[in-house]
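Structure first, then comments.
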Amino acid sequence: MSRRIIIDCTELRWLYEEQRLGTVAIARRYGCSPTTISNRLRNCGVPVRPSRFQPCPISPDELYRLYVVERLPIKEIAQRLGVSLGTVGNRRRALGIPRRPRSLK
């Protein structure tokens, strides 16, 4: 059963804009998720600051070529593209590129 968190818009605006707390810090204070705080900020008309993590577009064709055709390890693909291992794995899954079977050494 979910519980409804009551957060006054004035207080939320003060914490976010004046105190410069982020959504994670505010969420910890209220015992909810950062997504809940982001939604409440928007509902209160408070413009949300951009995320510090900007989306990194990985070309589907390039990822397919590196992972399937060239069979490079995800670690090497991540280094070449300047992204994290998780970003490569997430993008592979999102594009529906099947996981390669583990090779026996």
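Exposure proxy shown here: for Thr23, Thr10, Thr36, the number of other Cβ atoms within 10 Å sets the order, fewest to most, as Thr10, Thr36, Thr23. Remark: spin-label model distance Asn90-Ser33 equals 1.4 nm, labels positioned 7 Å along the Cα→Cβ axis. Measuring nothing but how far apart in sequence close Cα pairs (under 8 Å, 6+ apart) lie, relative to its length, the chain scores a relative contact order of 15 percent.
Each Cα pair under 8 Å and six or more residues apart adds its sequence gap; the mean of these over the residue count of the stretch 54-105 is a relative contact order of 31 percent. Rounded to the nearest 10 degrees, the inclination of helix 34-43 to the longest alpha-carbon principal axis of the chain is 50 degrees. Note on Gln79/Arg49: beta-carbon distance plugged into 1/(1 + (r/R0)^6) with R0 of 22 Å gives a FRET efficiency of 0.15. Select from Cys32, Tyr16, Pro50 the residue farthest towards the positive end of the dipole of the stretch 1-51; place +1 on Cβ of Lys and Arg, -1 on Cβ of Asp and Glu, and compute about the Cα centre. Comparing the listed Cα positions along the dipole, Cys32 ranks first.
Between helix 85-94 and the chain, what is the angle of the helix's C-alpha long axis to the longest principal axis, kept within 0 to 90° and rounded to the nearest 10? That works out to roughly 80 degrees. Checking every one of the chymotrypsin sites (Phe, Trp or Tyr not before Pro) in the stretch 1-70 against DSSP loop status and a limit of 16 other Cβ atoms within 10 Å picks out Phe53.
Throughout, read-outs are computed from the coordinates displayed, never taken from laboratory work. This structure is a prediction, so every number in the text was calculated from the model and none was measured. So basically every Cβ, Gly included, is an ideal-geometry build from the backbone, and we count neighbours across all protein chains shown.
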